[in-house]
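In what follows, a structure is listed as structure tokens, so that the remarks can point back to it.
Every number in this text was worked out from the coordinates using simple rules, so none of it is lab data. Computed from a predicted structure; not experimentally measured. Every residue, glycine as well, gets a Cβ built from its backbone with ideal geometry; the counts of neighbours run over all protein chains shown.
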Amino acid sequence: MHEFSITQNLLEIALRHAEKAGAHHITRLNLVVGELSSVIDESVQFYWDIVARDTLAEGSELCFERVPGSLRCLGCSNVFSLNGRDYACPACGENQVVVAGGDEFRLESIEVE
Amino acid sequence: MRVSVLEEVFSANDQLAESNRRRLDEAGVFGVNLMASPGAGKTSLITRTIEPLRGEVRIAAVDGDIATTLDADRIAAFGVPTVQINTGGACHLDAAMLQRALSKLDLNHLALLIVENVGNLVCPAAFKLGMHRSVLIASVPEGDDKPYKYPVMYRGVNALVLNKMDVLAAFDFDVQYFRRGVEALNPGLAFFPMSCKTGEGLDLWLAWRRAERKRGGT
């Protein structure tokens, strides 16, 4: 439900960087979307076509690199995926973790002409 | 030509959240963001918190709801200024909504602001509001596996209330299993098992609230 405002933020970031680079047109946005980020890429795409209209980004393509949710064991640094049932490290059994990936929603780069 | 950007898309919200925090700090208001699933007991915890504190500190509440004013009415009945934010279908409060709500309150005459977020364990975790503390309310009927399913929410809060302890016997809720998941992500998290209905466990929570407000920022 919140992708509309997120998409507006995305446009603002993309236009700022395109203008700084003296670009006439944005052709592509390369995004990184984590599984845990609460962002649904189909929904961003839907709003994008609306918010980008009549801007330098009109008609640009959104490319999503999806990052799965992962945890890092604080005992042995092993990185493993979420299973939704427990946080014990499959390598050493330790029960202390941090989210290692999957919570990001980042504009990596834009391609411009 | 490729132009490197490397910006988090949520950064615009984060910046607004920081400005909200500065406004609260300047006015000397301590802000608490309450998050939970629908029906976990956010409004009950607020009214239970306001009741004993209202003679002691000046409190206001901001209530985020998708459409109705039912929760805001319950809080306002305790005589505290309450700002209702109808998110119009949105699943969370964001820093811009809170900024507008702050403008409707006389911050210089307040000491404590309690924000009731929209009932949801996913989206509110991604949108900072600029409050001093984030509190998550879990409840027994939701099940003991929630820390394992919503790690982003559980890792980012400063206190955890486990509500509806009065019905524990009726559910297969393993408190040890629940806590193990919480401790794995957020070691040492302040934990308050309670029942807003019976009042059991509320005293510890209220003592924490008082102590944290005295500690202030950070």
>> Against the conditions (1) at the interface with chain B (Cβ under 9 Å from one of its Cβ atoms); (2) crowded, with 21+ Cβ neighbours inside 10 Å, where does A:ALA57 fall short? Just the number, please.
In response: (1)
> Tally time: how many residues in the range B:47-85 are among the aliphatic types (A, V, I, L, M), surrounded by fewer than 16 Cβ atoms within 10 Å (Cβ to Cβ) and either in contact with a Phe, Trp or Tyr (Cβ under 7 Å, 6 or more places away or on another chain) or not in a loop (DSSP other than H, G, I, E, B) (or both)?
Replying inline: 1
>> Quick check on my filter: what residues within the range A:9-24 are in a loop (DSSP other than H, G, I, E, B), more than 7 Å from chain B (Cβ to nearest Cβ) and in contact (Cβ under 8 Å) with a residue 24 or more places away in the chain?
In response: A:ALA23, A:HIS24
> Taking the range A:87-113 only, how many residues are at the interface with chain B (Cβ under 9 Å from one of its Cβ atoms) and touching a residue at least 40 places away in the same chain (Cβ under 8 Å)?
Replying inline: 13
> If you check A:PHE80 against the conditions, is it more than 8 Å from every other protein chain (Cβ to nearest Cβ), in contact (Cβ under 8 Å) with a residue 12 or more places away in the chain and of a type in the set (Phe, Trp, Tyr)?
Replying inline: no
> Can you tell me which residues in the range A:71-103 are surrounded by 18 or more Cβ atoms within 10 Å (Cβ to Cβ) and either of a type in the set (D, E, K, R) or assigned to a strand (DSSP E or B) (or both)?
Replying inline: A:LEU71, A:CYS73, A:VAL97, A:VAL99, A:ASP103
> If you scan the range B:178-205, which residues turn out to be surrounded by fewer than 16 Cβ atoms within 10 Å (Cβ to Cβ) and touching a residue at least 12 places away in the same chain (Cβ under 8 Å)?
Replying inline: B:LYS197, B:THR198, B:GLY199, B:GLU200, B:LEU204
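If you scan the range B:115-133, which residues turn out to be under 15 Å from B:ALA40 (Cβ atoms) and out of contact with any Lys or Arg (no Cβ under 9 Å at 6 or more places or on another chain)? Give the derivation first.
Of the range B:115-133, the ones under 15 Å from B:ALA40 (Cβ atoms) are B:116-122, B:124-125.
B:VAL118, B:ASN120, B:VAL122, B:PRO124 - these are the residues of the range B:115-133 that are under 15 Å from B:ALA40 (Cβ atoms) and out of contact with any Lys or Arg (no Cβ under 9 Å at 6 or more places or on another chain).
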> If B:HIS92 satisfies every condition in (1) assigned to a loop (DSSP other than H, G, I, E, B); (2) under 21 Å from B:MET194 (Cβ atoms) but one, which is the exception?
Replying inline: (2)
>> Checking A:GLU65 against (1) surrounded by fewer than 17 Cβ atoms within 10 Å (Cβ to Cβ); (2) more than 7 Å from every other protein chain (Cβ to nearest Cβ); (3) at positive phi, only one condition comes out false. Which one?
In response: (3)
> Which of the residues belonging to the range B:95-124 are closer than 21 Å to B:VAL9 by Cβ and outside any loop (DSSP other than H, G, I, E, B)?
Replying inline: B:ALA95, B:ALA96, B:MET97, B:LEU98, B:GLN99, B:CYS123, B:PRO124
>> Go through the range B:87-114 and report how many residues are in contact with a Lys or Arg (Cβ under 7 Å, 6 or more places away or on another chain) and within 14 Å of chain A (Cβ to nearest Cβ).
In response: 1
> Out of B:ASN86, B:ASN108, which single residue is more than 23 Å from A:PHE105 (Cα to Cα), free of Cβ contacts under 8 Å to residues at least 24 places away in the same chain and in contact with a Gly (Cβ under 9 Å, 6 or more places away or on another chain)?
Replying inline: B:ASN86
